[in-house]
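The values are calculated or read from the model by the stated rules, or taken from the named source; none is laboratory data. Every value quoted in this text rests on a predicted model; they were computed, and no experiment measured them. Here the Cβ positions follow ideal geometry from the backbone for every residue, glycine too, while neighbour counts run over all protein chains shown.
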Amino acid sequence: MWERYAKIIERIEVGEGILSLVPQWVKEKGFTRPLVVADENTYKAAGAEVSALLEQVGIRHDRFIYRGEHILTADETAIGALCAAYQPENDLILGAGSGTINDLCKFVGYRVNRPCAIVGTAPSMDGYSAKGAAMTVGGMKITPQTQCPSAIFCDINILKNAPMPMLAAGLGDMLGKLNALADWKLSHLLTGEPMPEDIAGIMSAAVQKCRDSAADAARRDAMAIRHITEGLILSGIAMSLYGDSRPASGAEHHLAHYWEMRAAAEGREPVSHGLKVGVATIYALRLWKSLPDLPLRPKPEDRAGILEHVKRAYGAAADALIPVLNPNLPFEFILNHWDEILKIARETANPEDVTGLLKLFDAPTDAQSVEVNDGLLRESIVLARERKKTYTILQLFGDLGLLEICNVYKEEL
Ligand SMILES: [Zn+2]
């Protein structure tokens with residue numbers, strides 16, 4: 001199934017017991033001195049075996065293992081450490097890990113003009129195949145376009161044994177697509193943003209498979225874990241095909257990124273991205289499902305007040321954000337499309353369904369459980385959309401002047 005995407009990623013292997021394909025591929029491609037990158041956990045899970053397999057076939061390589069108790073963050077310190085370990089003769093950056101290791105390998109590989117490849121250790125996020133690398137620089141979450149890995153190897157025997165919160169995170173990131181697709185339809189309707197059927201089709205099929213597999217995945221069933229892994233890889237491919245994160249990311253990612261940025265600014269250990277996306281999806285879907293009951297009357301948004309908020313919330317980074325603030329769509333224009341908007345809302349998943357699936361994994365289903373208090377939740381509902389010029393359900397609420405008064409995110413509603 002992967003050959004058709006070979007222009008984006010030359011080699012993708014998802015299956016049981018496939019690690020021996022790694023040295024074969026390295027040899028085939030003529031790499032002579034890979035740098036194997038892992039952290040202590042991912043080295044145990046896959047890095048050590050990859051290193052042993054390379055040795056067996058006589059491929060000289062170097063190793064760099066991130067050490068330490070703290071959760072690894074793709075920030076300036078981690079970038080610097082990897083750059084310091086990199087030698088000019090390393091002709092491939094070969095990561096063994098999941099989100100953060102992959103992001104660091106993509107980022108540093110791109111900067112030193114070397115290809116990278118990844119041996120997955122957990123189906124925990126959709127960045128394996130994405131060109132963007134989720135980095136934290138200067139306390140801001142940024143996703144610079146770097147390079148897709150040249151190859152992805154996901155051995156399901158390793159991935160299915162990943163810690164349960166990482167499996168939940170992968171499912172959460174996939175369930176986020178339920179909202180992302182609704183947001184994309186909304187933007188297509190209201191702003192004319194392109195929505196190619198083939199790319200949207202890849203995403204809706206992938207998310208459906210994940211929904212259907214969730215209960216089995218919670219029991220670590222190999223086929224179900226495979227479906228989630230494939231869905232996550234397809235998400236990255238869809239983003240590359242579209243040239244933007246739109247197919248896989250909407251309001252739920254804006255919220256999750258806002259929370260991540262706040263946690264980073266306060267020096268808190270980050271809660272896994274996919275767990276936050278899962279929770280944010282529930283809030284975004286609640287907004288969707290509240291649409292039929294909204295009081296519809298023109299109520300211009302206080303953009304000047306919001307600008308002040310943005311400046312306070314983002315500090316020095318606000319200057320870079322303000323030029324992309326989304327302009328409001330006129331009330332009459334939205335009203336003219338109201339029936340079609342309600343149709344999207346009706347066809348969108350129920351937040352209770354997402355809650356139910358996440359609970360199978362004992363995953364968080366409310367903001368408090370991902371260290372987001374009421375104040376931060378409220379702030380993010382109003383401000384998270386200002387990070388990116390992407391039309392979502394949050395912007396629709398803003399256009400209707402209802403963001404600041406909406407309280408649909410309250411548990412009791
Ligand atoms: Zn994500």
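Restrict the check to the stretch 218-236 and report whether at least one residue is out of contact with any strand residue (DSSP E or B) (no Cβ under 8 Å at 6 or more places or on another chain), at pLDDT below 95 and away from the ligand (no atom under 16 Å from the Cβ).
no
Within the stretch 6-18, which residues are under 16 Å from Pro123 (Cβ atoms) and either in a loop (DSSP other than H, G, I, E, B) or basic (Lys, Arg) (or both)? Please lay out each step first, then the result.
Of the stretch 6-18, the ones under 16 Å from Pro123 (Cβ atoms) are 12-16, 18.
Within the stretch 6-18, Glu16, Ile18 meet the criteria.
Report those helices (runs of 4 or more DSSP H) wholly inside the stretch 26-141 carrying at least 1 residues which are touching a Cys at 6+ places or on another chain (Cβ under 7 Å) and either within 25 Å of Met239 (Cα to Cα) or touching a residue at least 60 places away in the same chain (Cβ under 8 Å) (or both). Please lay out each step first, then the result.
Working: elements: 48-56, 76-85, 99-111.
In the stretch 26-141, the matching helices (runs of 4 or more DSSP H) lie at 99-111.
Tell me, yes or no, whether the stretch 240-259 has at least one residue that is within 13 Å of the ligand (Cβ to nearest atom), in contact with a Gly (Cβ under 8 Å, 6 or more places away or on another chain) and farther than 22 Å from Leu358 by Cα.
yes
Considering the stretch 197-210 alone, what residues qualify as being out of contact with any helix residue (DSSP H, G or I) (no Cβ under 7 Å at 6 or more places or on another chain) and over 12 Å from Pro247 (Cα atoms)?
Ala205, Gln208
Somewhere in the stretch 142-163, is a residue within 18 Å of the chain's Cα centre (by Cα), crowded, with 23+ Cβ neighbours inside 10 Å and farther than 30 Å from Val26 by Cβ?
For the stretch 142-163, residues within 18 Å of the chain's Cα centre (by Cα), crowded, with 23+ Cβ neighbours inside 10 Å and farther than 30 Å from Val26 by Cβ: absent.
Taking the stretch 157-206 as the region of interest, how many residues are within 16 Å of the ligand (Cβ to nearest atom) and basic (Lys, Arg)?
So the count comes out to 1.
Let's see how each residue does on (1) surrounded by fewer than 22 Cβ atoms within 10 Å (Cβ to Cβ); (2) small (Gly, Ala, Ser):
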| residue | (1), (2) |
| --- | --- |
| Lys209 | yes, no |
| Asp212 | yes, no |
| Ala217 | no, yes |
| Arg220 | yes, no |
| Glu230 | yes, no |
| Tyr242 | yes, no |
| Gly250 | no, yes |
| His254 | no, no |
| Tyr258 | no, no |
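Among the residues that make up the stretch 184-204, is at least one of them under 30 Å from Asp399 (Cα atoms), in contact with a Gly (Cβ under 7 Å, 6 or more places away or on another chain), touching a residue at least 12 places away in the same chain (Cβ under 8 Å) and surrounded by 24 or more Cβ atoms within 10 Å (Cβ to Cβ)?
Yes: one or more hits.
Hey, any hits in the stretch 36-58 for a residue that's farther than 22 Å from Glu13 by Cα, outside the structural domain of Ser240 (by TED's automatic domain parsing) and more than 25 Å from the chain's Cα centre (by Cα)?
Taking every residue of the stretch 36-58 in turn, at least one turns out to be farther than 22 Å from Glu13 by Cα, outside the structural domain of Ser240 (by TED's automatic domain parsing) and more than 25 Å from the chain's Cα centre (by Cα).
Go through the stretch 60-92 and count every residue that is of a type in the set (Lys, Arg) and within 18 Å of Val137 (Cα to Cα).
The initial filter retains those residues of the stretch 60-92 that are of a type in the set (Lys, Arg), namely 60, 63, 67.
In the following step, the residues that additionally are within 18 Å of Val137 (Cα to Cα) were identified as none.
Matching residues across the stretch 60-92 total 0.
Do any residues in the stretch 252-269 that are under 16 Å from His70 (Cα atoms) and touching a residue at least 60 places away in the same chain (Cβ under 8 Å) have Cβ atoms under 8 Å from those of residues that are away from the ligand (no atom under 16 Å from the Cβ) and of a type in the set (Lys, Arg), where the two are at least six apart or on different chains, and which pairs are they?
none
Please go through the stretch 119-141 and give me each residue that is away from the ligand (no atom under 16 Å from the Cβ) and under 22 Å from Trp25 (Cβ atoms), ordered by number.
Going through the stretch 119-141, the residues away from the ligand (no atom under 16 Å from the Cβ) turn out to be 119, 121, 137-140.
Selection gives Val119, Thr121.
Does Leu291 qualify as being under 17 Å from Lys185 (Cβ atoms), modelled with pLDDT of 80 or more, away from the ligand (no atom under 16 Å from the Cβ) and not in a helix (DSSP H, G or I)?
Working: under 17 Å from Lys185 (Cβ atoms): yes; modelled with pLDDT of 80 or more: yes; away from the ligand (no atom under 16 Å from the Cβ): yes; not in a helix (DSSP H, G or I): no.
So Leu291 fails the test.
Results for (1) under 30 Å from Glu13 (Cα atoms); (2) hydrophobic (A, V, I, L, M, F, W, C); (3) assigned by TED's automatic domain parsing to the domain that holds Thr348, shown as yes or no for each residue.
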| position | (1), (2), (3) |
| --- | --- |
| Leu232 | yes, yes, yes |
| Ser245 | yes, no, yes |
| Glu260 | no, no, yes |
| Ala263 | no, yes, yes |
| Arg268 | no, no, yes |
| Leu294 | no, yes, yes |
| Asp302 | no, no, yes |
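Of all residues being surrounded by fewer than 16 Cβ atoms within 10 Å (Cβ to Cβ) and closer than 23 Å to Leu167 by Cα in the stretch 69-101, which is modelled with the lowest pLDDT? Just the residue, please.
Taking the candidates together, the pick is Glu69.
Anything in the stretch 187-196 that is out of contact with any helix residue (DSSP H, G or I) (no Cβ under 6 Å at 6 or more places or on another chain) and closer than 15 Å to Trp338 by Cα? List them, or say none. Please lay out each step first, then the result.
Taking the stretch 187-196 and keeping what is out of contact with any helix residue (DSSP H, G or I) (no Cβ under 6 Å at 6 or more places or on another chain), we get 187-188, 190-192, 194, 196.
Of everything in the stretch 187-196, those that are out of contact with any helix residue (DSSP H, G or I) (no Cβ under 6 Å at 6 or more places or on another chain) and closer than 15 Å to Trp338 by Cα turn out to be Ser187, His188, Leu190, Thr191.
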